[in-house]
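**Q** Here's a structure for you.
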Amino acid sequence: MRRSLVAATAASALLLTAACGGSSDGATGSGGGSTDDLTLAAITPPASFAIGEMASSGPEDHYYQAVYDKLLNLDADGQPVPNLVTEWSYDETGTRLSLTLRDDVTFTDGAAFDAEAVKANLELAKTKTGEAGSALRAVESVEVVDATHADIVLSRPDPSLPQALARSTGYMASPDALGNADLSTNPVGSGPYVLDQDATTPGSTYAYTRNEDYWNAEEYPYDSLEIRFLDDTTATLNGLRSGEIDGIAVSTSDGVSGAEQAGLDVTTYTSGGIEGLYLWDRDGALVPALGDVRVRQAINHAMDRETIVDVVKGGLGQPTVQMFGPSSPAYDESLEGTYEYDVEKAEELMAEAGYADGFTMSMPDASPVAPDEQAALTEALAAIDITVTFEPITGDQYVGSIIGGQWPVNWFNLTTGSPFEMIGLALTQQSPFNPFKTADPELDELIARAGSATGDEQEAALQELNAFLVEQAWFAPWVAGEVGYVTGEGIGVEPVQGVSVPPLANIGPSSS
Amino acid sequence: MLLFLLRRIGAGIALVWVAATLVFFLTTLTGSDPARRILGPQAGPDEIAAKTRELGLDRPVLERYWDWFTSALRGDLGASWFTNQPVSRLVADALPVSLSLVLAAIVLTAAVSIVLGVVAAVRGGWLDSLLQGVSIVAFAVPNFLIGMVLALVFAVQLGIFPALGYTPFGEDPGRWLASITLPAVALAIGAIATVATQTRGSMIDVLQQDYVRTLRSRGLPTRSVLLKHALRNAAPASLTVLSLQFIALISGAVVIEKVFGLNGLGERATAAAGQGDVPLVLGIVVLAVVVVVAVNLLLDLALGWLNPKVRLA
Amino acid sequence: MSVLSDSGPAGPAPVDAVASPPRQGAVRRLLRSPVAVVALVWVLLVALLAALAPLLTSASPTASQITNALAPMGGANLLGTDGIGRDVLAQLLYGARTSIVGGVIVVVVSLALGLPAGIVAGYYRGRFDAVASWIANLLMALPAIIVLLVVLAQFGRSTELGMAVFGVIIAPGVFRLVRASVLAVREELFVDAARVSGLSDGRIMRRHVLPVVIAPTVIQASQLLGIAIVIQAGLEFLGLGSPNQASWGGMLSDAFQNIYAEPRLLLFPGLAIVLTVTAFSLLGNALRDALGVGGRMPRVRRRATVVAAPDSDVPAPVVSEPPGDALLAVQDLRVSYPKGDGSVSEVVRGVSLALRRGEVLGLVGESGSGKSQTAFAVLGLLPPTARTSAERLTFDGTDLQRLSPAERNRLRGRRIGYIPQEPMSNLVPSFRIGSQLTEPMRHHLGLSRAEARRRALDLLARVGIQDPGRVFDSYPHEISGGMAQRVLIAGAVSCDPELLIADEPTTALDVTVQAEVLDLLRSLVAERDLGVVLVTHDFGVVADLCDTVAVMQEGRIVEEAPAGRLFDAPEHEYTRMLLSSTLENSPSRQDLPPAVPDPDEPEPLPLSSSGGPR
């Protein structure tokens, strides 16, 4: 160590003379508190700026938020609030969503934002394979009523649509630019910033300058914005410490603790992800034992959720037995007592079901990505004599093999933005994450009711559905995940629950 | 001479082709599912199928290979599967970062190694022992560890250099130099250890040659004997090691780029290989091998100039 | 302090034919080096700790206890815990396993590929050699990291796989080394002889080829182990190592995450890597020395030629007070070298000489008699470790011993010329003849480029070169040995020196060329009134050229006489012995066979063709 330091010092001294010319301003970066510029980091580069191709809302969302305005925004609890759309309502059948639009917005190429633009964007996005394509699957057409009114016509009720319009599905690009071949790298939107192509190095640094005509400029205090792709935690920490970086999202407990130890501010919030054992084979197709609800309940009882969250997740997240996070309307606090950690109770249930001696099942080996999680679940299942054999699998085949119905049970983490998204992904016969097409008339009825109802009635239906899932033990979740956003000196952030990265507008000079 | 150049360039092209072919088939060996990786867990089966068709992955491997090969011949390396950007653009954007880094490191290595190697060979004694000792230890320290310590000391603590990021030369030459100084030093230290040791060794060999004594018997100034005659004769061995180090530095740069958050070819290669972005991986392989071939060609020309016995034919 | 110091035996030591020393004793030689012992102990210690890891710690290297993260040193966790509560000591011990296993994989894979391929390619040459060399070149041009990235992305993260692939990538290094060693031995006579005598290839391989290959391979294996550990750490840092396996690189990577909270976490894996890799490097170097392969001659090796023989054995040298008009006067010159054990070996032991202008003094003796050392002492070109003393050492009245190195350098080339022995090795291979001739003239005489060129062409013509222009523009390898010697003579006299020191100027030449060169020397001496000290073992040359002859044995002058008298009536027994052996073996390139003449030797034959006594 000392030797290397000495050698390093000597070698740098050699370069120091050469570099002193421009070195002093190199490290200053954007200091705290200033509203001149904001430099954020993201752990992935943007996949594409083209409508319908933008990757699922995640770490790369900032790149898009800067140039594209969204139809709706999310409040601190993750509920849709007005943005480009000022009012929205479903008709009584839940198959027509009427939108009222702002009339004072133009795109940076001069095109007006109007109902035609909404139609063009949504109908294009629907044909693509990105996140928006999935979210718009129920959309039949978009009807232009007048310049400031558009109706989205649905083939079936889809109560999750407003949520989607507040996420990447709601991004609006100029209708004149939609046909551009280079839209994927040269976005034309109406957002708070404009991508500065000259100062941008694709795949590395994305520079934005203020859109002077933006209607809601006061929400964005910085004159310029830079987003850097940085995938090394330690390098990012160094950058935050030296003031070259103002903020980055971290999703692991290691990352959060590392940032805290580095003396940086970390704001944590729920990510919308539910992690745990997903009990797919409720019909007992591969492992007959799992067809017995008592076995599934036993598995739930065998899990020491508090300890798992403490030890495995580093305290990052809330222990839960529900598939809907604490900020979700479907969440019901009172359900948390359903499965106390009780191995005796679990063994009783196993014995009642005729599996006093346990059984064996195979699971995909998740240890490359989640070693500690896998150790915890192995231990929990071993306590009730369920033996697991882990089959090796590569990372990119993990999800496909789940959907293909290869595993009765596996460790998984599903992230959704709304209860309806969860329903669509995991609870219906068409859902990809219902690989054995498990069906239950009671559940289907609850799903239908939640879909058609509104307001409190809808919330009640969702909670009832949630209670059904918990009691029937369709899953054995253990934690509603949390993530963090790290900010440098003088920068504050207000997170949105259930969204992995806080909106750009919520990052600003800290008041303290 | 011309014939020599043509033959070497021909061999270089063959090398690029073999390397790219090797990597192409390597990436198709395992049954990975790029469409699933691109679209993420939420995508449905028909979307996956559509993407697979869009990427042309439903066609036989040999057909895909032929397509890639023929378009590559026309200079079209395709587009990244993940970001849809042309590979040539992605590679061209990242190249200046890596090239700045590697070139700065190699220049630093050459300059420092020659000074240290010559001084150690000529002075001998404790200075020589020190150099040899430090070389062995410097070689043993992983470059990312050096990089991290440099970043902590000179960027985070002292704030003399930036801790991360790259400033293009065209934007601000001063900041460009500042942005690559720490990474280049971190990269060069191991190489310096190797090349300085080699230079010392070949200098000592040369200084033992009869002609050095004869030169001294002619009363030539020491500087001329050492720096003109001896160094020139010691240079081929050092240059050869230096060119090998260049290839090693390309590998080292991948690690160093990560430490300093530089989005160069290494960063891109790591990401592309991890995601299975085959067109981008192939593009990077082609570029890297082209660079290596070019360096080797330059080396041969330099050796031919330094040592008249080597006929370039 | 000489600038050219410590550059090994720069003196005129004949190249020791260091035959590969017997391998038995290599281990003992290795263990004599304290550095090697320390390195070896460290490596063995690491290997032992790695093997015994489960016995040394009950903690698991991978089990994390979040609640016990970043625990300080001491207590249950001797070296504390890391950022997610894993025991640092356990990680260090199990990490040693990963490192050693990884290193061994690299060595095994690269040797498995490189060794047989290198032997076959080097021994049989032909098509296999061409193909294997091409593949080796291909592998060497591939940036290793990209191949590793692709393979590991395809087949999953694994340290072992990564190291195996790296073994393949590095195999060309082994291949080239082995191939070169085999090629060298293949060319040697004994293999040819062995072939002729009908030995099978297998036996030749076993008896002659393998022994030559083993030493360099062992050295390289030691160095590969070190390289492998560094590369492995890099892979683990990039996150490409085996998941759930403790490793030093992985520890470093984790330590980076906690660099602000617990910088000490860097220390242990950092030290482990640096010390282990250093140990492997040192071990490799020590092995090289012990096995005596590929290396330069050890620095301390000097010609410990003459170790003090009792004075009484040697008759008193014939010494007379040098005359006042002497060009060169040497009295009681002594040259000695310190030896490794602290004692001193004296190679020139009280030599006295005197030389006038126009006089040629032959300095005759066997190899190792100190005659060349005497010449180099006069020139001031002894290696820096040499200790020189003389009661008197004057050139044209100037006391050479009182001159500064720079002043002495000004004399050399300008007033004292030097003709070396081996023409080809005394011209700088990478510069044209012309520039080598003109540089001293421009330096000493301040000539312009054109003047120097004209003078050099004249000189070349003067020394009998037919086409001076062509030779002027040639590189040394483009001319013959005889021409090269003429060039060197031209160089020696280019600045009109008064004294010429010629060290066996004709030994390396063909007999006919010898005669021509001697003629040239004789005419130059006459023409320029030169004083010449002619170092030789060849009485033919002496007879041809010298006025006076001094015979040296074991660092002393045993007899000095005018040439004619010496040939007619040699006084000293040693002189007679030399004379008789010269006459019997016509001049050869080799130095005289040392030691006592064979009593059964036949009568002297008539003088050889190089001329008789005058």
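Derivation of every value follows stated rules applied to the coordinates shown; laboratory data play no part. Fair warning: this is a prediction, and the values are worked out from it, not measured in the lab. Please note: Cβ atoms are built from the backbone with ideal geometry, for glycine as well, and neighbour counts cover all protein chains shown.
**Q** Can you give the FRET efficiency for C:ARG402 and B:ARG7, using 1/(1 + (r/R0)^6), R0 = 60 Å, r = Cβ-Cβ distance, to the nearest 0.05?
**A** Calculated value: 0.50.
**Q** Net charge near A:VAL67: determine it from the other residues with C-beta under 13 Å of the C-beta of A:VAL67, scoring Lys and Arg +1 and Asp and Glu -1.
**A** Cβ neighbours under 13 Å give a net charge of -3.
**Q** Find the centroid of the Cα atoms in region A:328-348 and in region A:73-131, then give the distance between the two in whole Å.
**A** Between the Cα centre of region A:328-348 and that of region A:73-131, the gap is 40 Å.
**Q** Let me know the mean shielding of B:92-103 by other chains, meaning the per-residue number of their Cβ atoms within 10 Å of its Cβ.
**A** Across B:92-103, the average partner-chain Cβ count within 10 Å equals 1.
**Q** Now, a different point. Just from the alpha-carbon atoms, what are the Rg and Dmax of chain A in angstroms?
**A** Answer for chain A, Rg first and Dmax second: 24.9, 79 Å.
**Q** If you don't mind, there's one more thing I want to ask. To the nearest 20 Debye, how big is the dipole of region C:328-586 about its Cα centre, given +1 on the beta carbon of each Lys and Arg and -1 on that of each Asp and Glu?
**A** About 1140 debye.
**Q** Report, in listed order, any pair from A:LYS128/B:LYS258; B:LYS228/C:LYS339; A:LYS128/A:LYS313; A:LYS126/A:LYS437 with a Cα-Cα distance greater than 31 Å.
**A** The pairs that break the limit, which is 31 Å between Cα atoms, are A:LYS128/B:LYS258; B:LYS228/C:LYS339; A:LYS128/A:LYS313.
**Q** What is the log10 of I(q)/I(0) for region A:347-428, computed with the Debye formula using one identical point scatterer on each Cα and no solvent, at q = 0.11, 0.21 Å⁻¹?
**A** -0.38, -1.05
**Q** Fewest to most neighbouring Cβ within 10 Å: what's the order for C:GLU439, A:GLU489?
**A** A:GLU489, C:GLU439
**Q** Across 10 Å bins from the origin, how do the percents of Cα pairs in region A:142-270 run, short distances first?
**A** In order of increasing distance, the bins hold 10, 26, 32, 23, 8, 1 percent.
**Q** Once you charge only the Cβ atoms, +1 for Lys and Arg and -1 for Asp and Glu, what is the size of the charge dipole of chain A about its Cα centre, to the nearest 20 debye?
**A** Approximately 1240 debye in magnitude.
**Q** Further question on the same structure: Between Rg and the Kirkwood Rh of region A:278-477, both from Cα atoms, what is the Rg to Rh ratio?
**A** Ratio value, two decimals: 0.94.
**Q** Tell me, what is the FRET efficiency for C:ASP568 and C:SER367 to the nearest 0.05, using R0 = 45 angstrom and their Cβ-Cβ distance as r?
**A** Given R0 = 45 Å and the Cβ-Cβ separation, E is 0.95.
**Q** To the nearest 10 degrees, how steeply does helix B:2-29 sit against the main Cα axis of chain B, on a 0 to 90 scale?
**A** Taking Cα atoms only, the helix is inclined about 40 degrees.
**Q** Using a 10 angstrom cutoff on alpha carbons, build the Gaussian network for chain B and name the most mobile of B:THR21, B:THR240, B:THR52.
**A** Highest fluctuation of the listed residues: B:THR52.
**Q** Extent of the protein assembly as shown along each principal axis, from alpha carbon coordinates, in Å, largest to smallest?
**A** That works out to 138, 72, 61 Å along the principal axes.
**Q** Within 10 Å of each Cβ in peptide C:489-498, how many partner chain Cβ atoms are there on average? Round it to a whole number, please.
**A** 1
**Q** Pop a pseudo-label 7 angstrom from the Cα along the beta-carbon direction at both A:ASP283 and B:ALA302 and give the gap in nm to one decimal.
**A** Simple spin-label model gives 7.0 nm for this pair.
**Q** Moving on to the next point. How would you classify region A:375-492 from its alpha-carbon gyration tensor, with a ≥ b ≥ c the square roots of the eigenvalues: rounded for a/c under 1.5, else prolate if a/b is greater than b/c, otherwise oblate?
**A** Cα axes put region A:375-492 in the oblate bin.
**Q** Could I ask something else about it? Tell me the angle of helix B:265-275 to the major Cα principal axis of chain B, expressed in degrees between 0 and 90 and rounded to the nearest ten.
**A** 30 degrees
**Q** Defining a contact as two alpha carbons under 8 Å apart and six or more residues distant in sequence, what relative contact order in percent does chain A show?
**A** Reported relative contact order: 21 percent.
**Q** Cα extents of region A:104-198 along the three principal axes, largest first, in whole Å?
**A** Taking the Cα atoms of region A:104-198, the three principal extents are 45, 29, 22 Å.
**Q** What net charge do the residues around A:LEU377 carry, taking every other residue with its C-beta under 14 Å from that of A:LEU377, with Lys and Arg at +1 and Asp and Glu at -1?
**A** Residues close to A:LEU377 contribute a combined charge of -4.
**Q** Give me the inter-chain shielding for B:150-158: mean count of other chain Cβ atoms within 10 Å, whole number please.
**A** So the per-residue partner count for this stretch is 6.
**Q** For region B:253-262, take each phi angle, set θ = phi - 60°, evaluate the Karplus expression 6.51 cos²θ - 1.76 cosθ + 1.60, and give the result in whole Hz per residue in order, putting x for glycine and proline.
**A** Per residue, the Karplus-derived 3J(HN,Hα) values read 4, 4, 6, 5, 4, 5, 4, 9, x, 8 Hz.
**Q** Can I ask one more? Around A:ASP265, with a cut-off of 15 angstrom between Cβ atoms, what is the net charge of the other residues, counting Lys and Arg +1 and Asp and Glu -1?
**A** Cβ neighbours under 15 Å give a net charge of -3.
**Q** Could you give the distance between the Cα centres of region C:463-513 and region C:37-52, to the whole Å?
**A** 59 Å
**Q** Could you list which residues have their amide H under 5 Å from that of C:VAL558, counting only those 5 or more apart in sequence or on another chain, with H placed in the peptide plane?
**A** Amide H neighbours of C:VAL558: C:VAL551, C:MET552, C:GLN553.
**Q** Quick check: the distance between the Cα centres of region B:219-258 and region C:358-401, to the nearest angstrom?
**A** Here the two parts' Cα centres lie 38 Å apart.
**Q** I'd like the Karplus ³J(HN,Hα) series for region C:537-551: coefficients 6.51, -1.76, 1.60, θ = phi - 60°, whole numbers in Hz, and an x wherever there's a Gly or Pro.
**A** Karplus-based 3J(HN,Hα) across region C:537-551 equals 10, 9, 5, x, 5, 4, 4, 5, 10, 8, 8, 10, 10, 10, 9 Hz.
**Q** Could you please rank A:SER155, A:SER224, placing first whichever residue has the fewest other Cβ atoms within 10 Å of its Cβ?
**A** The most exposed by this proxy come first: A:SER155, A:SER224.
**Q** In degrees from 0 to 90, rounded to the nearest 10, what is the angle of the helix B:125-140 Cα long axis to the longest principal axis of chain B?
**A** Result, in degrees: 10.
**Q** Here's a follow-up. Can you work out the FRET efficiency for the pair C:GLU160 and C:ARG29, with r the C-beta to C-beta distance and R0 = 45 Å, to the nearest 0.05?
**A** The calculated FRET efficiency here is 0.80.
**Q** So what J values fall out for region B:209-217 if you push phi through Karplus, 6.51 cos²θ - 1.76 cosθ + 1.60 with θ = phi - 60°, rounded to Hz, Gly and Pro as x?
**A** 5, 4, 5, 5, 5, 5, 4, 5, 5
**Q** Another question, if that's okay. Check which residues have an amide H placed less than 5 Å from A:ILE386's amide H, if you skip close sequence neighbours.
**A** Placed amide hydrogens put A:PHE359 under 5 Å from A:ILE386.
**Q** In chain A, which whole DSSP H runs stretch at least 15 Å along their own axis (Cα) and average 0.0 or higher on the Kyte-Doolittle scale?
**A** A:2-23, A:115-126, A:371-383
**Q** Now for a different question. With a ≥ b ≥ c the root eigenvalues of the C-alpha gyration tensor of region A:303-397, is it rounded (a/c under 1.5), prolate (a/b larger than b/c) or oblate?
**A** oblate
**Q** How would C:LEU282, A:LEU165, B:LEU152 line up from fewest to most surrounding beta-carbon atoms within 10 angstrom?
**A** Lowest count first: B:LEU152, C:LEU282, A:LEU165.
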